[in-house]
Every structure is written in C-alpha cells, then in structure tokens.
Amino acid sequence: MQNQWSSCTVASPADLVKRFEFNSEKGLSSEEAAHRLLVHGENSLETKGTPGYRIFFRQFQSAFIYLLVGAGILAFLLGEAIDGTLIFLFVLINALLGFFQEYHSEKTARLLKKFVVQHARVIRDGKEFLVKSAELVPGDLVVVRAGSKIPADLRFLQDHSLMVDESLLTGESVSVSKSSRSLYAQVSETHQAANIGFAGTTVVSGKGIGVVISTGRQTAMGEVAHLTVSTERRSGFEKGVGLFSRFVLRVVVVTLALVIIANVLIKGEGAQWGELVIFAIALAVSVIPEALPLVTTFSLSRGALRLAKNKVVLKRLTAIEDLGSIEILCTDKTGTLTENALTVHSLFGPRQETLFAACCAAPSADAHEQHSINAFDIALMNYLPSPERARLKKIKRINEYPFDPDRRRNSVLIQEGRTRTLIVRGAPEAILDLCKDFSGVSRPDIHKAIREEGRAGRRVLAIAKRTFPGTKSVTLKEEEKNLSYLGMVSFVDPLKKTSLKAIQDARNLGVAIKIITGDSKEVAGAIAFQAGLISSPTDVVSGEEFSHLSPEEQHATVEAHAVFARVSPQQKFSIIHLLREKHAVGYLGDGVNDAPALKVANVGIAVNDAVDIAREAADIILLQKSLSVIIYGIREGREVFANTVKYIRATLSSNFGNFYAVSFASLLLPGLPMLPIQILLLNLLSDFPMMAVATDTVDETEVIKPRFYDMKEIALVATVLGVVSTLFDFLYFGLFRSFPLAELQTNWFMGSVLTELVFLFSIRTKLPFYKSRLPSKTLLVLTGAAALATIILPYTAFGQNALKFVPPSGSILMLILLIAAIYFVVTEIVKNMYYSSHEPHAKIALTSLSPAR
C-alpha cells in the first residue's frame, strides 16, 4: 500500500498518465470508469465483521467457564438448586459483559466509513460533476477545494495555494502545504509526501486537481482500518483468570481421583460408593471459587464508579485491572502534556507594537471573525486586545496573495488613511532575502534568535512591510522587494501546569512515560525536555530513523528512548507492539492515526472529543485530557487488582487446606468427616464475607509498582499457608476424633468456618496485620455475621434437624474459639516469614495522588 503512493511522489505527469492510463485534461471515460470499478471494487473501507452470535458463544470458551458450569451441574445433582442457579447466573453475567466488550470493537470498521466522504467532484468525459465517492477508481481526476475532504489517495497534478490538514493521519496540528511538483527523491513517510493528498484529510485552503492512485483498503486510511480491525487484544485479567482456573481444575480432578481410589483400596467392600461419590462432588464444589465472578464484577464495578466520578469512563470493566498493570504509558504530547493551542510566546523586533499590529493585519478578513482554521491566526487574535481587534476590522484590504507553498509566505495590501502598506508574513528564510532595511538589527542576531527558538521547539513567523502613497497602483508579487524588516513572532503549544506533577506521580508508581507523536523532532524534544522526560532536547528518534533500523535495533530503541517524532500510524503500531513484548503498555490517542496503536496496546485510552474510531478502539474514555487523570486511574486499577488477588489467595489457601484435611480424614473414619450439606454450608459461610473483599482498603505497598497474575507466587503462598490450615484442621480432627461422629462433624465444621474467617484478616495484607490499613466496614460486618451464624446454627432446631448438628458444650465452644485464635497468630507468623524472605524490598512508600480537579 505505502509503495503505491511512495513511488508516485517522484513520477512526472507523463509517467502518471502512462501508469494510470487517463487523459490529463478529460479524465477517464464513463465506460472505462465503470470497468475499473468492477476490477478494483468500491472506494470503501468496508470490512467483514464477526456475527453477533459467534461473539456471544465465544465468551463460553474458557477453562474457568467450564469449571463453573461443572460446579453448577454438580450443585444441581446434590439438590442445591439455589447454589446451582447462582453459579449459572454468574456465568451468564460474565458472558454478557464479554459480549458487549467485543461487539463494541467490531463496530470500528463501520465507524471508519465516515472518513470516506459521500460525494466527490470528478472530471470524466471532459466534464466536471459529482459522483459517489464509492465509485472513484484509480485514474480518476478529482477536484478538491477549501473545506472538502479528500475522498481517495491523490497525486496532485495542479495546485493553487493548496493547504491540507493531515492531523487525522499524522497528529500534526499545523496544516501542511501541497504542491503538484515531482519530488527529487522517493519518500516513505506521509508527512514528507508534499504532492500526495491522503483519503480522509481536509483541504484547508486553495484548490487542487489530482489523479486517484489508491482507493478503499489500498489507501493510507485503509491500512489504518486494517490494522485497527484485525488486531485482537486479550486482557491481562482474562489471562490471569484462565491460569487460575486451569490450576484449580487440575488439582481438584487429580486429588478427588486419588481420594476415591484410596477409599476403595483401604475400605474395600466397606466403601459406600454412592455416599463416597456425593462426598467427592461436595468437596469439588466446596473448593471451586464460584464467587470469583461476583467478587471481581463487584470489585471492578466499584472501581469503575469511583473512576467515573473522577472523569475516567471504562468501556469494559476488566480494563481497570489492565490500567493498574501499566508499566509504560505512551501518549501524543498534544493536549496531554501540552494545551493543544498555539499561543504567542515572544516578539522579536525594535518596534514591537508596530510588529504585532502588522502581523495581525496580514491574515485574511475571516480570521478576524474567528472563523480561521489557521492555528497561527487564532493565536494572534487571542493575544490581541479587544480594542485592537476592533480597529483591525476597520482596515481596508485592497488585495492579498494567500500563502503559497513555494513562496512560503502570504502578502496583504491594506490601506489606512492616505497610505497603502504591503505586509509580508512567512518563514524567516523566505522573508529576510526580500528585506533591505533591518532597522539596526543585524542579520547574525536574527539568525541566532531563529536557531534558539527552533531548538526550543517554537515556530517562528517573520514580518516585513513596504509603504506606498495611497494613489499608487501596487502589484503584489512585483513589489515584494526592498521591504523593511519589522521582526518575528514565535509561537508555542505550552506545557500544561499539571504535567510535571503527573509525570512525577507516574514515576512514584513505577510507570514510564513515552511520547509518540506526529509532530517534528524539535517540537517533541523541546516539550519532553521541559517535562523532564529526556536529558537533552535532541534525544528524539524520528519515524523514518526508526523504520531504517534492523529488528534487533528497533527492540533496543523502543526500550532506550522516550520520545518518537514524525511517526506514521504504522510506526506507532510497531512501537507499541514491540514494547508489549516485555511490558504492559497503555496508549493515549484521539485521532484516526492513533486507532491501530490504541487497539494493540494492553490498554487503549481516548478522550471524549476524540474521533469515533479512536473512542471505539479504546478501552477507556477520559472526560478530561490530562495525565493526572490517567495516573489516578492507574492507582485505582492497582487497588482493584490487589483486592481480586486477596480473594484468590484467601480462597486457595483456606479451601485447599480444608479440602486436603477432610479428604485424608475420610480414609480414617468409618463414615464421612463432614456431611455433603455441611461442606456446602461451610463453603457458603466462608465465601459470604470474602465477597466483601472488593470493598476492602489497600496498603500502599500494593500500589507502588505494577503487579500481574503470577500463579506461581499465588500457588506458593497458598501452599505454605494452606499447609498451616491443613495442620489446624488435623488438630480439630485429632481433638474430636474420639467423639461421636455427629459431634466430630459439628465441631470440625465450626472450627473450619471460624479459621477461614480469621484467616481472611491475615491474608488481606502482606504486612503484619497491626501495621496494615484497617479493613473496610463491610468486610467487618459480613465476617461478624458469618461468625455469629456459625456459632448459633448448631443450637437451633433447623441446624440440628436439617443439618444434623449436635450443639457443643460451653467448654468445647471455648476450645474451638481458642484454636481459631491460635491459628490466626500462627498464620501471621508464617505469612510474615514468607514475605520477609520472598519480598524483602516491599516497603511502604507513602504517595499522595489525587485526580486533577
């Protein structure tokens, strides 16, 4: 695709006529255009999407869903209809959330169509008329004027003061000039293609005629569409849950098979097959974390609500955890680090009032009515006091010569009283050669100022004038000589006041910031240097330099450098893709040129006023374009992640500890150590407060660096603490084994529930419990309610008749409570020993972060 327009940049008009077989004056014939439409297809970005029903059924293809479906079926087999219904409800909610998330991403192809205009002005059969843009074919002659969108990739053959806004593709906020001249050398970057008009970009001023060189998917916009729609993203949350589910599934299946086989071998003919199978099924249901979807959904929803209050809107709930895992945040500088509005920075000249008045008089009249789309004119008008604006409106404009890419300046002839003044404004190198009078300013000083402003990333306009008697007839081009130099005006897109603090907050959270922009190296380097991201304004890699590197050098470059300038959409995509190989990457963008990068990043972030395709490709929408808002979101995401992992650690450690103890005890007793219905109730009472983990507070150590689902670490800590849980289950078993079977079952049930409840207050933090933040009120209330229910149930008629409990004596109850308290102390000791040896550098870093107000 890119070679198509690239080779056209150096082609002469005769070469183009030969290559695309068209008449340079009459265009194609209607018959030939119809034939080419059949060969090349419509000028459309239409792409085949995935049907909705396939997206829906795809949500059930995961190990965790299989695990939950199996648990639901087992629950119904045990007669536990409520448990089974809840499990299937969780599965359905999970599937619907995933469906809506993926269905949104399928809409991106349809949204890209809006950038292909409905109609185009074409020359066919020697006549100029409108056709549907979808009917354009290679070789068509297309006429574009100010205000129109370019309908396909064009190679200009004629131009008149042609300026095009290419921010859609490049991110560059300043319009670029276009020419019909062939380039001396072939170029490969869109910002270098001075004679190419790209589909979807907008003509700001002037007129042009170009031949269509690419249509539909072959255009530069088509490549953006292809990258955006074809890229699939799997969130870190989905990967983590998948690993966890497969781990649990393997352990459960293997252990239960061993338990059944061991029971049969040990008890022989005495084994009760029916009772043993039901017992095994109950054990399986008890260890499966069926509340995980509810816990995560509630935790994610709560985090999403808090983010929404602080101007961060999630399009998919799981994006909040992915946001928290970000290690590198890539962003365009415009509007994120800067204000996205050129402002007047400095005036250079001996008579600054005269200089500025002349500069403001030079734009066309509509600039003074605030209709200008020239960023320089808008900056000048905003800088000018209201009385001066009113005076300028009264100035009579006799004639004007608009900005010309070849001349690199514009000229305006005005009249005030009996004097006519020619004002010329443009690039300094184009103005200085026309000046004769420099008003005592030396040219070396002028060039020094130009160099300094350029190094600072500021854009400069030079202004000169020449006066004539009011009666003299003036021909603008002929009189552009012997001018009087007035001075220069420099412009800057200023750094936001909040940017420096946001960057420091990002460092405190272990997040690296990288700038990826379509702007020039000088401007990008200057902003990054001001923001403290680089040590030198020249430490910038251009897209062209990056594309010429070998794959190994590209890998090293994306790691070593923080600023990339003049990058195309494809290069943005490549940079993000390379970074993703080793890091969790977030990308903030708002243009069509950002859509592929938004899609390939771990987390795509767009602002509310971004183009539709960028918003659809993103996972997160910012209602305020500010780094501060994103950094707050990262912190919130880490808190949500921390609470989700708390649940996983807690349920693995306690459930498996009890699971192994009860399984082993079944080999030593003539009956079951706990009835199936008691096992299910144990599971319900212990899970009940665990659901409140989503509301729990989070220690500072949990948010100071990105964290990921490390199943080895989770499994290791669950094994260590699970062994402690198993030992205390054996302690209960040993103490009460000589009791009647019903009393053993009751006492062990109560001890198991109470130890799991107190265990939650230990596992909720990696710190000693007395150094951690206080638990949430919800967690305290639900834990207290579960503990109270556990103690009271054996003393009720329902507990004794339906659940087969035997009420323990006061002394036995006190012994159960004492063992639970000792278990908490031992767990704390083992936990602290484990974390002090495995995470010796986990220290509290007090960080005060708050969203931008």
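The values are calculated or read from the model by the stated rules, or taken from the named source; none is laboratory data. Keep in mind that this is a model prediction, so the values were computed, not measured. For neighbour counting, all protein chains shown are included, and Cβ atoms are generated from backbone atoms with ideal geometry for every residue, glycine included. The protein model used for the area step is the full one, side chains on, heavy atoms only, and it has no ligands, DNA or RNA in it. Shrake-Rupley method; radii C 1.70, N 1.55, O 1.52, S 1.80 Å.
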Return the residues of region 511-532 that are surrounded by fewer than 19 Cβ atoms within 10 Å (Cβ to Cβ) and at pLDDT 90 or above; say none if nothing qualifies.
ALA512
Taking the stated definitions as given, is VAL567 in contact with a Pro (Cβ under 9 Å, 6 or more places away or on another chain) and open to solvent by less than 10 Å² (accessible area, probe 1.4 Å)?
no
Log entry, pairs with first residue in region 452-466 being on the phi > 0 side of the Ramachandran plot and modelled with pLDDT under 85, second being surrounded by fewer than 20 Cβ atoms within 10 Å (Cβ to Cβ) and of a type outside the set (Phe, Trp, Tyr), beta carbons closer than 6 Å, six or more apart or on different chains, reads GLY457/GLU522
Suppose we keep only residues that are open to solvent by 10 Å² or more (accessible area, probe 1.4 Å), of a type outside the set (Gly, Ala, Ser) and assigned to a helix (DSSP H, G or I) within region 308-360. Which one would you say is nearest to ASN508 (Cα to Cα)?
LYS309
In region 677-731, anything buried (at least 20 other Cβ atoms within 10 Å of the Cβ) and in contact with a Pro (Cβ under 7 Å, 6 or more places away or on another chain) is listed as ASP696
Among the numbered criteria (1) open to solvent by less than 40 Å² (accessible area, probe 1.4 Å); (2) farther than 28 Å from PHE403 by Cα; (3) modelled with pLDDT of 75 or more; (4) out of contact with any Gly (no Cβ under 7 Å at 6 or more places or on another chain), which single criterion is violated by LEU112?
(3)
Counting just the residues of region 429-474 that are among the β-branched types (Val, Ile, Thr) and within 21 Å of THR354 (Cβ to Cβ), which one comes out surrounded by the fewest Cβ atoms within 10 Å (Cβ to Cβ)?
THR467
What's the number of the condition PRO469 fails, among (1) out of contact with any Asp or Glu (no Cβ under 7 Å at 6 or more places or on another chain); (2) farther than 30 Å from ARG420 by Cα; (3) at pLDDT below 90?
(2)
Among ARG418, ARG397, the single one that is open to solvent by 50 Å² or more (accessible area, probe 1.4 Å) and in contact with a strand residue (DSSP E or B) (Cβ under 6 Å, 6 or more places away or on another chain) is ARG397
Going through (1) under 20 Å from ASN340 (Cβ atoms); (2) open to solvent by 10 Å² or more (accessible area, probe 1.4 Å) one by one, ASN593 fails only at (2)
What about GLY210, is it open to solvent by less than 10 Å² (accessible area, probe 1.4 Å), over 30 Å from PHE656 (Cβ atoms) and modelled with pLDDT of 85 or more?
yes
Considering only region 661-704, state which residues are at pLDDT 80 or above and more than 28 Å from LEU782 (Cβ to Cβ).
ILE704
Can you find, within region 440-487, the residue that is nearest to the chain's Cα centre (by Cα) among those that are among the small types (Gly, Ala, Ser) and closer than 15 Å to GLY426 by Cβ?
ALA462
Among the candidates ASN643, ASN658, residue that is farther than 25 Å from LYS599 by Cα, modelled with pLDDT of 75 or more and under 42 Å from the mean Cα position of the chain (by Cα):
ASN643
Looking at (1) closer than 15 Å to PHE356 by Cα; (2) surrounded by 11 or more Cβ atoms within 10 Å (Cβ to Cβ), which is the only condition LEU413 fails?
(1)
Checking SER628 against (1) small (Gly, Ala, Ser); (2) modelled with pLDDT of 80 or more; (3) in a loop (DSSP other than H, G, I, E, B), which single condition isn't satisfied?
(3)
